[in-house]
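Report on the structure given below.
Values quoted throughout were computed directly from the atomic coordinates according to the rules given, and no laboratory measurement underlies them. Please read these numbers as outputs of a predicted model, since none were measured by experiment. Every residue, glycine among them, receives a Cβ derived from its backbone with ideal geometry; neighbour counts consider all protein chains shown.
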Amino acid sequence: MERATLLRLLRDVARGRLKPDAALHRLRALPAEDLGFARVDHHRTVRCGFPEVIFCAGKTPAQIARIARAIHRAGTPLLATRADRAAFAAIRKVVRGARYHAVARCVTAAAGTDKRRRPAPPELALLSAGTSDIPVAEEARVTAEMLGCRVEAIYDVGVAGIHRLLGHTATLQKARAVIVVAGMEGALASVVGGLVDRPVIAVPTSVGYGASFGGIAPLLTMLNSCAAGVAVVNIDNGFGAGYLAAMMARP
């Protein structure tokens with residue numbers, strides 16, 4: 001249940017439009033719904049501003065579908081990460097309007113139409129050092145957009161051709177936050193940190209040759225950045241970067 005929905009429910013009770021027993025019935029799934037193999041945290045939207053997200057890796061399609069149905073039935077947006085097509089097929093059977101983002105490996109579904117006028121969404125800039133980093137960057141983009149941000153994606157602007165990045169300086173400087181996704185040596189985050197007065201969220205990826213050690217090399221580079229204002233998430237964690245950037249960008 002989203003915060004706005006809960007607030008309307010409480011106001012209806014206060015004004016006598018809804019009986020307390022009826023409100024209690026609608027709140028029956030809070031704070032958690034026990035599915036036997038999972039406890040779906042319906043209270044998370046109230047606490048954190050966004051519902052629980054499904055991490056699909058390691059779950060069966062049947063488990064994913066039941067969790068997705070529970071989340072969407074509660075009237076909240078759905079985001080499932082690290083989803084393959086089998087997971088999407090299972091979700092699509094129980095959630096109308098579910099959409100698969102193949103590159104990002106995410107499944108999304110809106111909570112429903114809300115025609116109220118909303119303020120302009122905060123802007124984020126999203127960079128990938130190379131084309132091979134795009135899947136992780138797309139996971140960050142889908143996540144940030146689900147959390148209400150507008151994302152300007154600029155891909156393949158790594159330090160091997162630094163001129164490709166410098167032409168986008170104005171875009172970076174007007175963003176509320178910048179996400180930088182890079183493998184290999186991971187130097188792009190430090191370069192961007194030296195160009196902007198905005199938070200930079202660095203995402204090391206597992207892209208690289210042997211001495212990259214599956215992303216440990218760019219991770220260490222980013223953690224040792226000489227540029228102030230650079231925060232680092234885990235290797236290949238586009239979801240974490242998109243979520244953090246959206247939280248930073250909120251007014």
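Test of understanding: ordering Leu124, Leu79, Leu147 by Cβ neighbours within 10 Å, fewest first, what list do you get? Intermediate values should be presented prior to the final figure.
On the way: Leu124 28, Leu79 25, Leu147 22.
So the ranking, lowest neighbour count to highest, is Leu147, Leu79, Leu124.
So which aspartates and glutamates can Lys59 reach, going by Cα to Cα under 15 Å and dropping same-chain residues fewer than 8 places off?
Partners within reach: Asp84.
Would you work out the charge dipole size for the chain about its Cα centre, treating the Cβ of every Lys and Arg as +1 and the Cβ of every Asp and Glu as -1, and quote it to the nearest 20 debye?
On the way: 33 positive and 19 negative charges, 327 e Å.
Value, rounded to 20: 1580 debye.
When the dipole is taken about the Cα centre of region 123-246, and only Lys, Arg (+1) and Asp, Glu (-1) are charged at their Cβ, what size is it in debye, to the nearest 20?
Values: 6 positive and 10 negative charges, 54 e Å.
Here the size comes out at about 260 debye.
Residue farthest toward the positive end of the dipole of the chain, with Cβ of Lys/Arg at +1 and Asp/Glu at -1: which of Pro20, Gly240, Gly215?
The residue sitting farthest along the positive end of the dipole is Pro20.
Amide H of Phe55 versus every other amide H placed in the peptide plane: which residues, excluding those fewer than 5 positions away on the same chain, fall under 5 Å?
Thr81
Select from Ala109, Ala231, Ala86 the residue whose mean-square fluctuation is largest in a Gaussian network model of the chain (Cα-Cα springs shorter than 10 Å).
Ala86
What is the calculated FRET efficiency for Arg164 to Met247, with r their C-beta to C-beta distance and R₀ = 35 Å, to the nearest 0.05? Mind showing how you got there, number by number?
Details: r = 29 Å, r/R0 = 0.83.
Step by step, r from the Cβ atoms, then E = 0.75.
What residue among Tyr155, Tyr100, Tyr209 shows peak mean-square fluctuation when the chain is described by a Gaussian network model with Cα springs under 10 Å?
Sorting by GNM fluctuation, first place goes to Tyr209.
Could you list Ile64, Ile134 so that the one with the fewest beta carbons within 10 Å of its beta carbon is first and the one with the most is last?
Ile134, Ile64
When the chain is modelled as a GNM with alpha-carbon springs shorter than 10 Å, which of Pro218, Pro199, Pro121 fluctuates the most?
Maximum fluctuation in the GNM of the chain, among the listed residues, is at Pro121.
Which of the listed residues, Val53, Leu166, Ala125, is farthest toward the dipole's positive end in the chain, when Lys, Arg count +1 and Asp, Glu count -1 at the beta-carbon?
Positive-most Cα among the choices belongs to Val53.
Using the alpha carbons of region 3-109, what is the convex hull volume per residue in cubic angstrom, as a whole number?
Measuring per residue, one finds 101 Å³ for the Cα hull of region 3-109.
Taking neighbour Cβ counts within 10 Å as the exposure measure, how do His42, His101 sort from fewest upward?
His101, His42
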